[in-house]
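**Student:** Take a look at this one; I'll ask things after.
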Amino acid sequence: MHQIPDSSVQSRFANGYARSIELICPRCHEKAMFEARPWQEHGRQVVATEMSCTRCEAEGLLVQIVDEFGNGKPSSLFTWPAPGGRESMTGAQHLHALSGPLARSYESALKLYNHAEWGAMALTVRHLLEGLAARLLPAEKRELPLARQLEALPRELDLARPLQDISQLMAPDGAFGRHFDDESAIDKVTAEHLLELAEQLIQYLVVTPGEMADLKSRIATAPVPLRRGSGVA
Ligand SMILES: [Zn+2]
């Protein structure tokens, strides 16, 4: 089940349940209106129905969690199968903080992807990567071709910076270190911060390099598309 934002609901039945919902259709890959059939109760906490795409008639399931009066609870509308399209990456707000125009390029790339505009999306991603490199590299490196810019990035960026200060936090007199003497005094907030710190470290040191290696091997083994007119039957 995939949660749908309440803002996707465009009209409702008299009982308040969703009637038409705008989603990216998992079958026709277009932003489309889905029309729901009348809802039915299932137990006291759930109502459910089916819906279909008004463009291609693809069918989907809708489930709504309700309160004791039978009213839909906020943010509790679910669908199956998941809508098509990609959602924004987690942490996109940091890209926005780095540069508004870059964040908008990323959003347009997502929008183009979600409209199956592959070529235009690829050009937008190239533009995004060029913009990102230009934003992060010193002025004299910004004129280099994209591949050279990307090559220069690890030499020009202080990649160790996110890892600095962590050792101080863990030292005996650091924000975390001083708690370890008396573990019964560690509260929920400290525990949360510590776990979050560990997760960010793992993300940076283990997950990101691992996922990049996976992606590179998927790119290397992807079938090469045949070019039109290449003479291959
Ligand atoms: Zn459809």
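**Student:** Quick one: length gained pulling residue 191 to residue 96 fully straight, 0.36 nm per residue minus the C-alpha distance?
**Tutor:** Going from the current span to full extension adds 31.3 nm.
**Student:** Helix-only mean residue ellipticity at 222 nm, the chain, DSSP H runs n ≥ 4 weighted -39,500 (n - 2.57), per residue, nearest 500. What is it?
**Tutor:** On the way: 7 runs with 86 residues, N = 233.
Result for the chain, helices only: -11500 deg cm²/dmol.
**Student:** Averaged over every viewing direction, what's the projected area of the C-alpha convex hull for the chain? Give it in nm², one decimal, please.
**Tutor:** Taking the Cα atoms of the chain, their convex hull projects to 21.0 nm² on average.
**Student:** A further question follows. Set Lys and Arg Cβ to +1 and Asp and Glu Cβ to -1, take the dipole of the chain about its Cα centre, and tell me which of 115, 194, 13 lies farthest positive.
**Tutor:** Most positive-ward Cα: 115.
**Student:** GNM on the chain, C-alpha springs below 10 Å: top fluctuator among 72, 91, 174?
**Tutor:** 174
**Student:** Would you mind calculating the relative contact order of the stretch 86-157 from Cα pairs under 8 angstrom and at least 6 residues apart, reporting the percent as a whole number?
**Tutor:** Working: 54 pairs, mean separation 15.9, N = 72.
Value for the stretch 86-157: 22 percent.
**Student:** So how strong a dipole does the stretch 1-119 carry about its Cα centre when Lys and Arg Cβ are +1 and Asp and Glu Cβ are -1, to the nearest 20 debye?
**Tutor:** Computed charge dipole of the stretch 1-119: roughly 160 debye.
**Student:** Next up: About the Cα centre of the stretch 64-176, how large is the charge dipole given +1 on each Lys and Arg Cβ and -1 on each Asp and Glu Cβ? Please answer in debye to the nearest 20.
**Tutor:** 360
**Student:** Okay, moving on. So what is the diffusion coefficient of the stretch 117-201 in µm² per second by Stokes-Einstein at 4 °C and 1.567 mPa s, using a Kirkwood Rh over Cα pairs?
**Tutor:** Calculated translational D: 79 µm²/s.
**Student:** Shifting gears a bit: Find, among the trypsin sites (Lys or Arg not before Pro) in the stretch 60-169, those assigned to loop by DSSP (not H, G, I, E, B) with at most 12 other beta-carbon atoms within 10 angstrom.
**Tutor:** Passing both the DSSP loop test and the Cβ count: 86.
**Student:** Using Cα-Cα distances under 8 Å and only pairs 6 or more residues apart, what relative contact order does the chain have, in percent?
**Tutor:** For the chain, the relative contact order is 11 percent.
**Student:** Further, regarding this structure: From Cα coordinates alone, what are the radius of gyration and Dmax values for the stretch 158-220 in angstrom?
**Tutor:** Rg and Dmax of the stretch 158-220, Cα atoms, are 15.8, 51 Å.
**Student:** Below 24 Å, Cα to Cα, which lysines can residue 31 reach? Residues fewer than 8 away in the same chain don't count.
**Tutor:** Of all the lysines, those that pass the test against residue 31 - Cα under 24 Å, at least 8 places apart if same chain - are 111.
**Student:** Quick one: putting +1 on the C-beta of Lys and Arg, -1 on the C-beta of Asp and Glu, what dipole do you get for the chain around its Cα centre, in Debye to the nearest 20?
**Tutor:** Its charge dipole is roughly 1280 debye.
**Student:** Between 203, 64, 149, where does the largest GNM mean-square fluctuation fall for the chain, given springs only between Cα atoms within less than 10 Å?
**Tutor:** 203
**Student:** May I pose another question? By how many nm would the segment from residue 13 to residue 87 grow when fully extended, if each residue of separation counts as 0.36 nm and the alpha-carbon distance is taken off?
**Tutor:** Extra length from residue 13 to residue 87 when fully extended: 23.8 nm.
**Student:** Loop only per DSSP, at most 14 neighbouring Cβ atoms within 10 Å: give me the chymotrypsin sites (Phe, Trp or Tyr not before Pro) in the stretch 50-159, ordered by residue number. Don't skip to the answer; put the middle values down first.
**Tutor:** Details: sites: 69, 78, 106, 113, 118; in loops: 69.
The qualifying sites are 69.
**Student:** Another question about this same structure. Given the options 79, 103, 64, identify the residue whose Cα lies farthest towards the positive end of the charge dipole of the stretch 53-108 (+1 on Cβ of Lys, Arg; -1 on Cβ of Asp, Glu).
**Tutor:** In the stretch 53-108, that residue is 103.
**Student:** Could you give me D for the stretch 86-157, from Stokes-Einstein at 37 °C and 0.692 mPa s, where the hydrodynamic radius is the Kirkwood radius over C-alpha pairs? Units µm² s⁻¹, please.
**Tutor:** Translational D for this selection: 255 µm²/s.
**Student:** Could you list 4, 202, 24 in order of exposure, starting from the residue whose Cβ has the fewest other Cβ atoms within 10 Å?
**Tutor:** Exposure proxy ranking, most exposed first: 202, 24, 4.
**Student:** How many times 2.2 N^0.38 Å is the alpha carbon radius of gyration of the stretch 11-139? If you can, show how the numbers build up before the last one.
**Tutor:** Numbers: Rg = 19.3 Å, N = 129, 2.2 N^0.38 = 13.9 Å.
With N residues counted in the stretch 11-139, Rg over 2.2 N^0.38 Å equals 1.39.
**Student:** Find, to one decimal place in angstroms, the Kirkwood hydrodynamic radius of the stretch 26-79, where the mean of 1/r is taken over every pair of different Cα atoms and then inverted.
**Tutor:** Kirkwood radius, the stretch 26-79: 11.9 Å.
Here, each number is a calculation from the coordinates, and none is a lab measurement. Please read these numbers as outputs of a predicted model, since none were measured by experiment. Neighbour counts are summed over all protein chains in view; Cβ atoms, including those assigned to glycine, are modelled from backbone coordinates with ideal geometry.
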